[in-house]
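In what follows, a structure is listed as structure tokens, so that the remarks can point back to it.
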Amino acid sequence: MLENNFNIKSLTSFKIGGKVRKVYFPTSVDEFAEILKTEPDAKVFGNLSNTLVSSDGYDGVVILTTKMCNVDFSGTRVVADCGIKGPKLAQLAAAKGLSGFEFMIGFPGSLGGNVCMNASANNQCISDKLVSVLCFDGSEVKKYTKAQMNFAYRHSVCMDKKLIVLSAEFELEKADISVINEKMDMNLKFRKGHQPSLALPNCGSVFKNPEGDSAGRLLDSVGAKSMAFGGVHVWENHANFIINDNDGTSLDVLLLMDKMSSVVEAEYGIKLIPEVRYLGGNNKIEEELCEKLLIESIKNLK
Ligand SMILES: Cc1cc2nc3c(=O)[nH]c(=O)nc-3n(C[C@H](O)[C@H](O)[C@H](O)COP(=O)(O)OP(=O)(O)OC[C@H]3O[C@@H](n4cnc5c(N)ncnc54)[C@H](O)[C@@H]3O)c2cc1C
């Protein structure tokens with residue numbers, strides 16, 4: 001499926017974003033690979049839960065993978081398409097008595113986004129049980145081993161070079177279904193109070209934790225919980241989350257991030273590095289803010 005001049009706002013977890021010139025929604029790995037060959041400049045996203053899309057839109061091509069949800073189980077091996085959402089994959093594995101995906105129950109990332117970001121929670125991360133990733137490198141489809149993926153905290157090789165995740169293979173562990181479900185329930189319970197639900201539009205943690213510290217603690221100590229800008233504000237329960245109060249814009253978010261980051265830098269001399277990524281290009285002020293804040297602007301990447 002292809003949409004032209006598509007308003008992407010409702011598909012982002014922030015509920016922020018303007019029109020994108022062309023958006024593809026492939027339904028299979030083969031179709032996805034074909035589109036990647038014919039649209040070499042396309043930017044790939046999953047569930048847009050870690051991406052701030054400019055309210056002024058993006059004058060380019062985007063591929064959204066969320067209609068690619070095939071999963072194959074064979075004993076303890078699992079091969080899943082990049083578009084499947086983490087919570088769904090966690091539930092499918094749990095129903096088969098397979099442990100390793102419990103952490104994904106509580107946040108909305110797609111498998112491809114989770115691999116690209118090396119997503120983690122509750123002492124588990126996506127790379128723990130990963131065996132290999134089927135990738136498109138700009139010219140051909142290749143299998144990458146876990147070692148070749150260069151996983152680190154919120155980092156994978158997908159951020160260093162043009163590498164698109166098509167599907168990923170995992171080796172999970174057999175476990176009692178009730179134990180797996182209990183672990184997932186505990187993960188969900190922990191989130192309540194610590195992380196906003198999607199009923200409050202947000203993009204998860206705004207800044208990465210600096211080595212040996214927590215971005216939330218630093219931000220809290222400088223009074224970030226009372227900060228707001230335009231239609232967005234810092235969440236009252238945890239200072240590393242920004243909530244969109246319905247009519248917030250991407251510029252509001254970036255200006256608030258600038259305020260948060262500047263105060264921490266002035267107080268502690270620590271430059272917080274954003275976890276959230278940005279897609280835009282039609283707004284010069286936003287581009288300048290991204291550069292200042294060291295936000296990865298996807299337009300300038302793969
Ligand atoms: C309420 C909430 C809670 C959250 N909690 C957590 C948490 O506990 N832990 C955590 O790690 N994150 C958390 N997040 C952040 C987010 O869900 C993760 O970063 C997730 O991995 C992003 O997946 P996505 O599909 O939404 O990625 P997108 O936002 O769609 O994309 C993020 C990046 O991945 C790239 N990408 C997407 N798909 C592919 C692909 N197929 N191949 C190559 N690159 C790709 C994009 O180009 C972009 O650079 C949370 C977010 C929210 C809203």
I want to confirm something. Restricting to the stretch 150-171 and keeping residues that are within 14 Å of the ligand (Cβ to nearest atom) and under 21 Å from Asp30 (Cβ atoms), which single residue is surrounded by the fewest Cβ atoms within 10 Å (Cβ to Cβ)? Lys162
Per-region count, the stretch 1-26, residues among the polar types (S, T, N, Q) and over 20 Å from the mean Cα position of the chain (by Cα): 2
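Just one of Ile63, Ile105 is β-branched (Val, Ile, Thr) and within 23 Å of Asn4 (Cα to Cα); which is it? Step through it out loud before you land on a result.
On the way: Ile105 fails: within 23 Å of Asn4 (Cα to Cα).
Checking each option against the conditions leaves just Ile63.
So which residues in the stretch 86-102 are more than 18 Å from Lys174 (Cβ to Cβ) and touching a strand residue (DSSP E or B) at 6+ places or on another chain (Cβ under 8 Å)? If you could, list the steps in order and put the result at the bottom.
Residues of the stretch 86-102 more than 18 Å from Lys174 (Cβ to Cβ): 86-88.
Listed by number, the list holds a single entry, Gly86.
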Which pairs do you get when a residue that is crowded, with 16+ Cβ neighbours inside 10 Å, found in the stretch 172-188, comes within reach of a residue that is modelled with pLDDT of 95 or more and of a type in the set (Lys, Arg), reach meaning Cβ atoms under 6 angstrom, with the pair 6+ apart or on two chains? Leu172/Lys129
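Suppose we filter Lys129, Lys161 for residues that are touching a residue at least 12 places away in the same chain (Cβ under 8 Å) and closer than 30 Å to Pro40 by Cβ; which single one remains? Walk me through it before giving the result.
On the way: Lys129 fails: closer than 30 Å to Pro40 by Cβ.
Just a single option satisfies the conditions, and that option is Lys161.
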So which residues in the stretch 39-58 are near the ligand (Cβ under 6 Å from one of its atoms) and more than 16 Å from Leu166 (Cβ to Cβ)? Asn47, Leu48, Ser49, Asn50, Thr51
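With the structure loaded, tell me whether Gly60 is surrounded by fewer than 23 Cβ atoms within 10 Å (Cβ to Cβ), closer than 29 Å to Asn246 by Cα and either over 18 Å from the mean Cα position of the chain (by Cα) or assigned by TED's automatic domain parsing to the domain that holds Ala168 (or both) or whether it fails that test. Talk me through it step by step, then tell me what you get.
On the way: surrounded by fewer than 23 Cβ atoms within 10 Å (Cβ to Cβ): yes; closer than 29 Å to Asn246 by Cα: yes; either over 18 Å from the mean Cα position of the chain (by Cα) or assigned by TED's automatic domain parsing to the domain that holds Ala168 (or both): yes.
So Gly60 passes the test.
Can you tell me which residues in the stretch 74-91 are more than 16 Å from the ligand (Cβ to nearest atom) and either closer than 23 Å to Ile164 by Cβ or surrounded by 16 or more Cβ atoms within 10 Å (Cβ to Cβ) (or both)? Step through it out loud before you land on a result.
Initially, the stretch 74-91 is screened for residues more than 16 Å from the ligand (Cβ to nearest atom), giving 74-78, 91.
Correct list: Thr76, Arg77, Val78, Gln91.
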What are the pairs with Cβ atoms under 7 angstrom where one residue, in the stretch 74-87, is touching a residue at least 12 places away in the same chain (Cβ under 8 Å) and of a type in the set (A, V, I, L, M) and the other, located anywhere, is more than 16 Å from the ligand (Cβ to nearest atom) and outside any strand (DSSP E or B)? Sequence gap at least six, or different chains. Val78/Ala93; Val78/Leu172
Take Val234 and tell me if it is under 22 Å from Lys9 (Cα atoms) and in contact with a helix residue (DSSP H, G or I) (Cβ under 9 Å, 6 or more places away or on another chain). yes
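From the set of residues in the stretch 259-302 that are of a type in the set (Asp, Glu) and closer than 16 Å to Cys203 by Cα, which is surrounded by the most Cβ atoms within 10 Å (Cβ to Cβ)?
Here the residue is Glu275.
Can you give me the number of residues within the stretch 1-33 that are farther than 17 Å from Cys69 by Cα and either acidic (Asp, Glu) or at pLDDT 95 or above (or both)?
Within the stretch 1-33, the first condition is being farther than 17 Å from Cys69 by Cα, and the residues that meet it are 2-10, 12-23.
Of the ones still in play, those that are also either acidic (Asp, Glu) or at pLDDT 95 or above (or both) are 3-10, 12-23.
Of the residues in that region, 20 qualify.
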Which one of these does Lys142 not meet: (1) of a type outside the set (Ser, Thr, Tyr); (2) in contact with a strand residue (DSSP E or B) (Cβ under 8 Å, 6 or more places away or on another chain); (3) over 20 Å from Leu255 (Cβ atoms); (4) part of a helix (DSSP H, G or I)? (4)
Between residues in the stretch 1-27 that are of a type in the set (S, T, N, Q) and residues that are part of a strand (DSSP E or B) and surrounded by fewer than 22 Cβ atoms within 10 Å (Cβ to Cβ), which pairs lie under 8 Å by C-beta distance while being six or more apart or on different chains? Asn4/Arg21; Asn4/Lys22; Asn5/Lys19; Asn5/Arg21; Asn7/Lys19
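Just need a number here: residues in the stretch 111-151 that are closer than 23 Å to Lys299 by Cα and aliphatic (A, V, I, L, M). Even if it seems obvious, please write down each step before you answer.
Step one: of the stretch 111-151, the residues closer than 23 Å to Lys299 by Cα are 111-119, 135-141, 149-151.
If we keep only those that are aliphatic (A, V, I, L, M) as well, we get 111, 115, 117, 119, 141, 149.
Residues flagged as closer than 23 Å to Lys299 by Cα and aliphatic (A, V, I, L, M) within the stretch 111-151 amount to 6.
Tell me which strands (runs of 3 or more DSSP E) are completely within the stretch 1-119 and hold 2 or more residues being β-branched (Val, Ile, Thr), or say none if there are none.
Numbers: elements: 2-7, 19-24, 43-45, 51-53, 58-64, 71-74, 77-81.
Because the criterion is at least 2 residues that are β-branched (Val, Ile, Thr), the strands (runs of 3 or more DSSP E) in the stretch 1-119 that meet it are 19-24, 51-53, 58-64, 77-81.
The values are calculated or read from the model by the stated rules, or taken from the named source; none is laboratory data. Because the structure is predicted, anything quoted here is derived from the model rather than measured. Heads up, the Cβs are rebuilt from the backbone with ideal geometry, glycines too, and the neighbour counts pull from every protein chain shown.
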